[in-house]
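Step one of this worksheet: look at the structure below.
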Amino acid sequence: METMTSRERVIKALNHEIPDRVPIDLGGFQTGIHKRAYAELLTYLGIEEKIVILDPVQQLAKPSEEVLRRFRVDTRYICAHGPDSFKGEIKQNARNGKLWHDLKDEFGVVWSMPDDQKLFMDISFHPLANASIEDVADYPWPRGNDTTRFSGVRDQALKLRQETPYAISTGISGVVYEICWYMRGLEQWFADMIENPAFCEVMLDQTLKFWMDYFNGFMAEVGDIINVVMIGDDLGGQSGPLFSPKFYREIVKPRQKKLIQHIKSLTPAKIWYHTCGSVKKLIPDLIDNGIDILNPVQTSADNMDARELKKKFGEKLSFWGGGIDAQHILPFAKPEEIKEHVRKNLEIFKPGGGYVFNNVHNIQYGIPAENITALFDAAYEFGFYD
């Protein structure tokens, strides 16, 4: 029997106390579902609705209230938006005999998707690929504190708090590191980290300034209402950190820590940090930065055993994700196997609270609808505390 509201449940879990059951999350920018997988899920559930796109780059759908209630999801999201001066329109352009869907973001990065695929967007233009340090200073960086990007968000957040029982989270933000390689190009950025670290520092200072200004404005609107602030930068790959831990600790970490401590000065909300991959050796640094929650907990990556993570870091961190092996089990197993894997993972993560259930990252196209349903139904069935 449930004895708490969703908001009470999430807050209690994140305070490392025992809720009535493990909270369930679906619908974020790293905890969401691809539009094609969502369309198949709607058919399977017998639900008819128009699909709304939450994120055009990842082609994520925005789950409806009917679907969220069906899976007993305890979270809802509140997001800022682009400023009035930013249109963010997807334009169709012909290149090399193909039709492409192109989106230029606020930082000038162009994301593209071929019309004959329509699975996701990838970067087709890096605006600072050939830039010098002087060019970085002269670049027309977007203003994080443009007040028009926060219009209406307080009213939306207040409505969620006053009229619903759900925990309230922001969408993803605070992307200090990754935006740099989006603008520079991954190969060139990796070369810069070795050959031109001064360039990297200038770039990171610009992205940090954007997010410091952004959070000044955003938290002034919703900092007293929300329960979770989601930030993130991918630091790991399948086998370990994507780049030198020394570079991270000397150059990236101080800027991340400055941002996290700044956010904490503006809101009592918990700080949720997203990084894919094998990042066990960097978790102490993330804790030192001030994060409260780690996502997506990629248990299929090297050195990311769920039991070891819970044992070593469970008193200091909450885990949000890690519900099932999304690479090998969720796409290919039968529903009964899905349920058993969820049950075993919950046995590991449940003790002492500090856990919110979700898949590892977004549910991708190709995941059978019956497996998605089994995933969340098992999280509810086996998530109750004695």
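The values are calculated or read from the model by the stated rules, or taken from the named source; none is laboratory data. Just so you know, these numbers come straight off a predicted model, no measurement behind them. Methodologically, a virtual Cβ is constructed for each residue, glycine included, from the backbone with ideal geometry; neighbour enumeration extends over all protein chains shown. Surface accessibility is based on the protein's heavy atoms, side chains included, excluding ligands, DNA and RNA. Shrake-Rupley method; radii C 1.70, N 1.55, O 1.52, S 1.80 Å.
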Check: Could you give the angle, 0 to 90 degrees to the nearest 10, between helix 369-381's Cα long axis and the longest principal axis of the Cα atoms of the chain?
Finding: 60 degrees
Checklist line | VAL228 - accessible surface, heavy atoms, 1.4 Å probe, Å² rounded to 10 | finding: 0 Å²
Next item on the list: Measure nothing but the geometry: give the 0 to 90° angle between the long axis through the Cα atoms of 186-195 and the longest principal axis through the Cα atoms of the chain, rounded to 10°.
Entry: 70 degrees
Check: What ranking of VAL175, VAL229 comes out by heavy-atom accessible area, probe 1.4 Å, highest first?
Finding: VAL175, VAL229
Checklist line | Two-site label geometry, HIS328 and SER300: point separation in nm, points 7 Å out along Cα→Cβ | finding: 0.9 nm
Note to self: Per-residue counts of other Cβ atoms within 10 Å, averaged by peptide: what ranking do you get for 259-269, 241-251, highest first?
What the structure shows: 259-269, 241-251
Next item on the list: Please arrange TRP272, TRP111 by accessible surface area, largest first, computed with a 1.4 Å probe and ligands excluded.
Entry: TRP111, TRP272
Item checked: Rg/Rh (Cα only; Kirkwood hydrodynamic radius) as it applies to the chain -> 0.95
Next item on the list: First compute the accessible area of the stretch 285-336 with a 1.4 Å probe, then give the percent of it belonging to carbon and sulfur atoms.
Entry: 46 percent
Check: Rounded, prolate or oblate: which fits the stretch 24-115 when a ≥ b ≥ c are the square roots of the eigenvalues of the alpha-carbon gyration tensor, with rounded for a/c under 1.5 and prolate only if a/b beats b/c?
Finding: oblate
Next item on the list: Could you tell me which GluC sites (Glu not before Pro) in the stretch 41-139 are loop residues by DSSP with no more than 15 other beta carbons within 10 angstrom of their beta carbon?
Entry: GLU48, GLU49, GLU89
Note to self: From the mean inverse distance of alpha carbon pairs (Kirkwood) and the Cα radius of gyration, derive Rg over Rh for the stretch 249-386.
What the structure shows: 1.00
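Considering only the other residues whose Cβ falls under 12 Å of the Cβ of VAL202, what net charge follows from Lys and Arg at +1 and Asp and Glu at -1?
Value of the local net charge: -3.
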Notebook entry, point to check: Which net charge results when you count Lys and Arg as +1 and Asp and Glu as -1 among the other residues whose beta-carbon is under 12 Å from that of LYS104?
Noted result: -2
Checklist line | Cα convex hull of the stretch 107-247 - mean projected area over all directions, nm² | finding: 11.5 nm²
Next item on the list: State whether the stretch 284-343 is rounded, prolate or oblate according to the following rule on the C-alpha gyration tensor (a ≥ b ≥ c being the square roots of its eigenvalues): a/c under 1.5 gives rounded; otherwise a/b larger than b/c gives prolate, and the remaining case gives oblate.
Entry: prolate
Next item on the list: Enumerate the lysines that LYS339 could reach by cross-link, defined here as Cα to Cα under 19 Å, with residues fewer than 8 away along the same chain left out.
Entry: LYS350
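Give the peptides 152-164, 346-358 in descending order of average Cβ contacts within 10 Å, highest first.
So the order, starting with the most tightly packed, is 346-358, 152-164.
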Note to self: With every protein chain kept in place and ligands, DNA and RNA left out, what is the accessible area per residue of the chain? Probe 1.4 Å, answer in Å².
What the structure shows: 44 Å²
Notebook entry, point to check: Is it possible to state the helix-based mean residue ellipticity at 222 nm for the chain, with each DSSP H run of 4+ residues giving -39500 (n - 2.57), the sum divided by total residues, to the nearest 500 deg cm²/dmol? What is it?
Noted result: -11000 deg cm²/dmol
Next item on the list: Work out the count of Lys pairs in the stretch 1-152 where the Cα-Cα distance is under 26 Å, with the pair 8 or more places apart or on different chains.
Entry: 23
Checklist line | Those aspartates and glutamates that a straight Cα-Cα span of less than 19 Å connects to LYS264, excepting residues fewer than 8 apart in one chain | finding: ASP213, GLU221, ASP224, ASP233, ASP285, ASP288, ASP292
Note to self: With angles folded into 0 to 90 degrees, how steeply does helix 197-222 sit against the dominant principal axis of the chain? Use alpha carbons for both and round to 10.
What the structure shows: 50 degrees
